[in-house]
Amino acid sequence: GAGVSQTPSNKVTEKGKYVELRCDPISGHTALYWYRQSLGQGPEFLIYFQGTGAADDSGLPNDRFFAVRPEGSVSTLKIQRTERGDSAVYLCASSGGGNQPQHFGDGTRLSIL
Amino acid sequence: EDQVTQSPEALRLQEGESSSLNCSYTVSGLRGLFWYRQDPGKGPEFLFTLYSAGEEKEKERLKATLTKKESFLHITAPKPEDSATYLCAVTHFGNEKLTFGTGTRLTIIP
């Protein structure tokens, strides 16, 4: 497809489990971003990749959160030892870099029981 | 730290009733101000980028304007399909991340 693709669309898991969320950016986009959105709030920045490297990970809440983009295209957000407070919609966006607009996927709705 | 405040939180309009949404921002070195539309269960959809005070952008029934302290999203003769949450976000020089407001939930009543 032409847009940003995120899988799974929904993920329900138990507290303490490990989860991986995947993002396929728009073809050719060099910049990739992860955000987290809670109900009634705007998206909050987590991490930004330029190519394969994390250019800014200042939004990751703690060391349970980690993200990779090994080949400069697909990215995976990994959460270890999940907590109920991690429940949110995780959004991925991509852009051509610079001040090009970021285009978002429809997110993964993560629910921690 | 960049800050974005949107008002009102929610707005209900009759079809055809024009109005404006406000986005106030505090940022050191504005690089861009962005408007997005978000439908329930979907990701934000890009609408406009504004770069400098005095700039205006239009798309169908929407017009975005920018001053040094705030941006307005004017909606003219809205239709029910314009119902959505409208999000405002900023970036500053040296930083790629978007800082979002909490959005305005717009409902257009037929």
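The values are calculated or read from the model by the stated rules, or taken from the named source; none is laboratory data. All figures in this text were calculated on a predicted structure; none of them were measured in a lab. Please note: Cβ atoms are built from the backbone with ideal geometry, for glycine as well, and neighbour counts cover all protein chains shown.
The rows are residues; the columns are (1) more than 19 Å from B:G43 (Cα to Cα); (2) touching a Cys at 6+ places or on another chain (Cβ under 9 Å); (3) at pLDDT 95 or above; (4) part of a loop (DSSP other than H, G, I, E, B).
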residue: A:I47; (1), (2), (3), (4): no, no, yes, no
residue: A:A55; (1), (2), (3), (4): yes, no, no, no
residue: A:G72; (1), (2), (3), (4): yes, no, no, yes
residue: A:T76; (1), (2), (3), (4): no, yes, yes, no
residue: A:R81; (1), (2), (3), (4): yes, no, yes, yes
residue: A:C92; (1), (2), (3), (4): no, yes, yes, no
residue: A:S111; (1), (2), (3), (4): no, no, yes, no
_Being buried (at least 18 other Cβ atoms within 10 Å of the Cβ), in contact (Cβ under 8 Å) with a residue 12 or more places away in the chain and within 10 Å of the chain's Cα centre (by Cα) is the requirement here; does B:Y36 meet it?_
yes
_Residue list for the range A:1-42, restricted to those being closer than 21 Å to A:Q100 by Cα and either touching a Pro at 6+ places or on another chain (Cβ under 7 Å) or of a type in the set (D, E, K, R) (or both)_ = A:V4, A:D24, A:L32, A:Y35, A:R36
_When residues of the range A:28-45 are limited to those that are assigned to a loop (DSSP other than H, G, I, E, B) and surrounded by 13 or more Cβ atoms within 10 Å (Cβ to Cβ), the one nearest to the chain's Cα centre (by Cα)_ = A:P43
_Which condition from (1) free of Cβ contacts under 8 Å to residues at least 24 places away in the same chain; (2) exposed (fewer than 13 other Cβ atoms within 10 Å of the Cβ); (3) more than 10 Å from chain A (Cβ to nearest Cβ); (4) of a type outside the set (K, R) is the one that B:T65 breaks?_
(2)
*asked:* Residues that are over 30 Å from B:S7 (Cβ atoms), over 15 Å from the mean Cα position of the chain (by Cα), in a strand (DSSP E or B) and not aliphatic (A, V, I, L, M): does the range A:1-16 have at least one?
replied: yes
